[in-house]
Amino acid sequence: MRIDVITIFPDYLAPLREALLGKAIERDRIAVGVHDLRNWTHDVHRAVDDSPYGGGPGMVMKPDVWGEALDAVCGTAQTPVPRLVVPTPAGRPFDQRTAIRWSAEPWLVFACGRYEGIDQRVIDDAATRMPVEEVSIGDYVLVGGEVAALVMIEAVARLLPGVLGNPLSAEQDSFSDGLLEGPCYTRPEVWRGHAVPDVLRSGNHAAIARWRRDQALARTYRRRPDLLAALPTGTLDAADRA
Ligand SMILES: COc1ccc2nc(C(=O)O)sc2c1
């Protein structure tokens, strides 16, 4: 997979080069390009924003600068065509299903806005040439799209072959089966008077699997009943309901 990010704060994306993601990039599992939007300005002030039509607070990012940047990064007529992701508080919610869907894409381009956002004509124009998704990572508002892009890139990249040390991790983590993950424990057996649940030290793999499933169901019921309601029919078996 190739991932490109366009931003006025390239250093915000430095964490992509760290840890597992950084190793995946070094091993060419993922190709990452970070591009400074100001490279496509032509004025002495390298302006990327201007006052909003219709008035109101803040500034809007200029269509001409973004248009040139997207033409340069995404190409104007070439295959493969990237999927353009625009982080915005007004976007559809990003979730694990979206991460899984995007992990099958050959090329993602993230357009990170700042200020009040990017002139809508940039998104509308791009949509004539490539798939575009306006996406939010949650019901809160950040200062720009960079942190949202980091979140989404990590959620997608960890699903790619060779990125996680143990591929089973991605299959067994929260949301992979529609439920929240249950609690996890490691040595020592007793820590500050808190003991590891006996079943996890029993060696009885069936009992351990049952306990973990019950913990995941209970945690999901308490913290995210909406996820339980959204489970496909038949997901919960008789043992789950007991
Ligand atoms: C102007 O660019 C922004 C501003 C806030 C913001 N908040 C997001 C979110 O997903 O919460 S994405 C995003 C992009």
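Just the residues that are more than 10 Å from the ligand (Cβ to nearest atom), not polar (S, T, N, Q) and not in a strand (DSSP E or B), please, taken from the range 95-119.
Within the range 95-119, the first condition is being more than 10 Å from the ligand (Cβ to nearest atom), and the residues that meet it are 95-110, 119.
Within this subset, residues satisfying the condition of being not polar (S, T, N, Q) are 95, 97, 99-102, 104-110, 119.
If the condition is that a residue be more than 10 Å from the ligand (Cβ to nearest atom), not polar (S, T, N, Q) and not in a strand (DSSP E or B), then ASP95, ARG97, ALA99, ILE100, ARG101, TRP102, ALA104, GLU105, PRO106, ASP119 are the ones that fit.
Take the residues in the range 74-89 that are of a type in the set (Ser, Thr, Tyr) and touching a residue at least 24 places away in the same chain (Cβ under 8 Å), then tell me which one is surrounded by the fewest Cβ atoms within 10 Å (Cβ to Cβ). Before the answer, list the steps.
Within the range 74-89, the first condition is being of a type in the set (Ser, Thr, Tyr), and the residues that meet it are 76, 79, 88.
Still in the running and touching a residue at least 24 places away in the same chain (Cβ under 8 Å): 76, 88.
On the way: THR76: 8, THR88: 20.
Filtering first and then ranking leaves THR76.
Run down VAL122, VAL85, VAL65 and say which single residue is within 16 Å of the ligand (Cβ to nearest atom) and under 24 Å from GLU18 (Cβ atoms).
Numbers: VAL122 fails: under 24 Å from GLU18 (Cβ atoms); VAL65 fails: under 24 Å from GLU18 (Cβ atoms).
From the options VAL122, VAL85, VAL65, the qualifying one is VAL85.
Would you be able to tell me the number of residues in the range 26-52 that are among the aliphatic types (A, V, I, L, M), surrounded by fewer than 17 Cβ atoms within 10 Å (Cβ to Cβ) and either at pLDDT below 95 or touching a strand residue (DSSP E or B) at 6+ places or on another chain (Cβ under 8 Å) (or both)?
1
Provide a single number: the residues in the range 1-56 that are assigned to a loop (DSSP other than H, G, I, E, B) and of a type in the set (Gly, Ala, Ser). Spell out the reasoning first.
Filtering the range 1-56 for residues assigned to a loop (DSSP other than H, G, I, E, B) gives 1, 8-9, 18, 27-30, 41-48, 51-56.
Restricting the remaining residues to those that are of a type in the set (Gly, Ala, Ser) gives 47, 51, 54-56.
Residues in the range 1-56 being assigned to a loop (DSSP other than H, G, I, E, B) and of a type in the set (Gly, Ala, Ser): 5 in total.
With respect to ASN166, is the statement that it is at pLDDT below 95 and of a type in the set (S, T, N, Q) true? Write out each step before concluding.
Working: at pLDDT below 95: yes; of a type in the set (S, T, N, Q): yes.
Yes; evaluated as a whole, the condition is true for this residue.
Among residues belonging to the range 133-156 that are surrounded by fewer than 21 Cβ atoms within 10 Å (Cβ to Cβ) and in a strand (DSSP E or B), point out the one that is farthest from the ligand (Cβ to nearest atom).
Residues of the range 133-156 that are surrounded by fewer than 21 Cβ atoms within 10 Å (Cβ to Cβ), as a first pass: 133-134, 136-144, 147, 151, 154-155.
From what's left, in a strand (DSSP E or B): 133-134, 136.
Details: GLU133: 12, GLU134: 9, SER136: 4 Å.
Filtering first and then ranking leaves GLU133.
Say we look at the range 203-242 and pick out the residues that are of a type in the set (Gly, Ala, Ser) and surrounded by 12 or more Cβ atoms within 10 Å (Cβ to Cβ); which of these is nearest to PHE175 (Cα to Cα)?
Keep residues of the range 203-242 that are of a type in the set (Gly, Ala, Ser), which gives 203, 206-207, 209, 216, 218, 229-230, 234, 238-239, 242.
Now narrow it down to the ones that are surrounded by 12 or more Cβ atoms within 10 Å (Cβ to Cβ): 207, 216, 218.
Working: ALA207: 22, ALA216: 10, ALA218: 14 Å.
Looking at the filtered set, the residue picked out is ALA216.
What's the number of the condition ASP177 fails, among (1) part of a loop (DSSP other than H, G, I, E, B); (2) surrounded by 17 or more Cβ atoms within 10 Å (Cβ to Cβ)?
Here ASP177 clears every test but (2).
I'm told ARG92 meets every condition in (1) within 17 Å of VAL151 (Cβ to Cβ); (2) exposed (fewer than 14 other Cβ atoms within 10 Å of the Cβ); (3) away from the ligand (no atom under 16 Å from the Cβ); (4) basic (Lys, Arg) except one. Can you identify the failing condition by its number?
Unmet condition: (3).
Only one residue in ARG46, ARG38 is basic (Lys, Arg) and within 28 Å of GLU154 (Cβ to Cβ), so which one is that? Reasoning before the result, please.
Values: ARG46 fails: within 28 Å of GLU154 (Cβ to Cβ).
The match here is ARG38.
The values are calculated or read from the model by the stated rules, or taken from the named source; none is laboratory data. Predicted model only: the values in this text are computed from it and were never measured. Ideal geometry is used to build each Cβ from the backbone, glycine not excepted, and the neighbour counts take in all protein chains shown.
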